[in-house]
Amino acid sequence: MDLDKVNRNSKRIMFMGTPEFAVPVLEGLIKSHDVKVIVTQPSRAKKDGKIVDPPVRKVGEANTILVIQPQKIKEEIEDILSFNPDLIITCAYGQLLPKEILEAPKYGCINVHASLLPKLRGGAPIHRAILKGHTKTGITIMHMSKALDSGDIIVSREIPIDNKDTASSLHDKLSILGRDLLLEVLPSIFDGTAPRTPQDHDEATFAFNLRPEDEKIDFHKSSKQIYDRIRGLAMWPGAYCLFNNKRLKVYESYISGNFFESAIPGEITAIYEDGFGVKAENREVVFTKVKPEGKKLMSAVDFINGLQEKEKIVGKLLR
């Protein structure tokens, strides 16, 4: 019998996480360690009144693990500490942990963060990495501190951001990397050999949560900036512009080699077999997959074919 493995697996772990990103991390942890309790955000009501549970809660219920959902964790400190966790692991939980919780576990609190810290601290590192035009990102496992994503680094692992990556594809890559890197580093947490490399706070940048104004396409930006905005917001929440004063969300596009010098930014320049072109500040961006307001996701070709006067679309100005 591997006594070291038995000892590791007997540690009482509390997992804190909420969205789909945390699911592979939690599932990998459950397979090899003793997750005693899961803490996640409260279930929320949609516009139609239907209650939606966080993805992490569903994983906990499927594995018969106790799930708790505090409204404000800082108001339920004693309840959290009553579980006496040896280690707390957070991954996209969504609330800052109070000092009393951070200092309680024997092996501390560690976080799985989707960036190469100190770059992109905050709640939207995957979207922001693409929006900012970064060519690489990664996962950082860190010791947690009171300030947001500022604790000592245990390990980071880098991956490239492909020019065709979207927020969705990068999300999936980083989620799996986060799972694998966490499982790799846990033995060093338990035997006390995990590194503590302080972050260079002067090098910190921030990935603030997305705001409504981040979703609007500005056609006075370069074609690369518009392309990055579209892929950086796909498939949620989606970049948009206005067509006939209604929102037109754009989920897929590419940069063409055409400049259309006489066109103005936002002007529809041409219709192609796979979509339609729009003038950016410099060259043209071709929209290939869109979602008109109140309708389903569709190809840009189907969108054009559904217009009553599709032959008049060229020269129309998007805002």
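Data overview
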item	result
Selected residue [out of contact with any Asp or Glu (no Cβ under 7 Å at 6 or more places or on another chain), assigned to a loop (DSSP other than H, G, I, E, B) and among the acidic types (Asp, Glu)] from Glu261, Glu158, Glu252, Glu213	Glu261
Asn258, sole failed condition from (1) in contact with a Gly (Cβ under 8 Å, 6 or more places away or on another chain); (2) closer than 19 Å to Lys164 by Cβ	(2)
Residues of the stretch 229-247 satisfying the condition of being in contact with a helix residue (DSSP H, G or I) (Cβ under 8 Å, 6 or more places away or on another chain) and either outside the structural domain of Leu307 (by TED's automatic domain parsing) or surrounded by 19 or more Cβ atoms within 10 Å (Cβ to Cβ) (or both)	Arg229, Arg231, Gly232, Leu233, Ala234, Ala239, Tyr240
Residue match in the stretch 281-302 (condition: in contact with an Asp or Glu (Cβ under 8 Å, 6 or more places away or on another chain), in contact (Cβ under 8 Å) with a residue 40 or more places away in the chain, more than 30 Å from Glu20 (Cα to Cα) and outside the structural domain of Ile130 (by TED's automatic domain parsing))	no
Residue in the stretch 118-129 that is among the charged types (D, E, K, R), outside any loop (DSSP other than H, G, I, E, B), assigned by TED's automatic domain parsing to the domain that holds Ile30 and at pLDDT 95 or above present	yes
Residue in the stretch 162-178 that is surrounded by the most Cβ atoms within 10 Å (Cβ to Cβ), counting only those that are part of a loop (DSSP other than H, G, I, E, B) and either at positive phi or not β-branched (Val, Ile, Thr) (or both)	Asp165
Qualifying residue in the stretch 66-80 (condition: touching a strand residue (DSSP E or B) at 6+ places or on another chain (Cβ under 8 Å), under 27 Å from Ala147 (Cβ atoms) and in contact (Cβ under 8 Å) with a residue 40 or more places away in the chain)	yes
Test: residue in the stretch 85-92 that is in contact with a His (Cβ under 6 Å, 6 or more places away or on another chain), surrounded by 20 or more Cβ atoms within 10 Å (Cβ to Cβ) and either free of Cβ contacts under 8 Å to residues at least 24 places away in the same chain or not in a helix (DSSP H, G or I) (or both)	no
Single residue of the stretch 1-34 satisfying the filter (at pLDDT below 95 and among the hydroxyl-bearing types (Ser, Thr, Tyr)) that is surrounded by the most Cβ atoms within 10 Å (Cβ to Cβ)	Ser32
Test: Ile217 is surrounded by 15 or more Cβ atoms within 10 Å (Cβ to Cβ), touching a residue at least 24 places away in the same chain (Cβ under 8 Å), out of contact with any Gly (no Cβ under 7 Å at 6 or more places or on another chain) and in the same structural domain as Phe243 (by TED's automatic domain parsing)	yes
Candidate set from the stretch 35-81 (those that are in a helix (DSSP H, G or I) and among the acidic types (Asp, Glu)); member that is surrounded by the fewest Cβ atoms within 10 Å (Cβ to Cβ)	Glu78
Members of the stretch 106-115 that are farther than 22 Å from Val23 by Cβ and either in a strand (DSSP E or B) or not basic (Lys, Arg) (or both)	Tyr107, Gly108
Any chance Lys310 is more than 21 Å from Arg231 (Cα to Cα) and touching a helix residue (DSSP H, G or I) at 6+ places or on another chain (Cβ under 7 Å)	yes
Answer from Ile255, Ile226 - the residue that is surrounded by fewer than 22 Cβ atoms within 10 Å (Cβ to Cβ) and within 25 Å of the chain's Cα centre (by Cα)	Ile255
Complete set of residues in the stretch 155-174 that are under 15 Å from Lys132 (Cβ atoms) and among the charged types (D, E, K, R)	Asp165
Some residue of the stretch 301-317 being at pLDDT 95 or above and not in a helix (DSSP H, G or I)	no
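Residue-by-condition table, conditions (1) within 17 Å of the chain's Cα centre (by Cα); (2) in the same structural domain as Gly28 (by TED's automatic domain parsing); (3) at pLDDT below 95:
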site	(1), (2), (3)
His143	no, yes, no
Gly151	no, yes, no
Ile161	yes, yes, no
Asp180	no, yes, no
Ile189	no, yes, no
Gly192	no, yes, yes
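The values are calculated or read from the model by the stated rules, or taken from the named source; none is laboratory data. All values reported here derive from a predicted model rather than from experimental measurement. Neighbour counts are summed over all protein chains in view; Cβ atoms, including those assigned to glycine, are modelled from backbone coordinates with ideal geometry.
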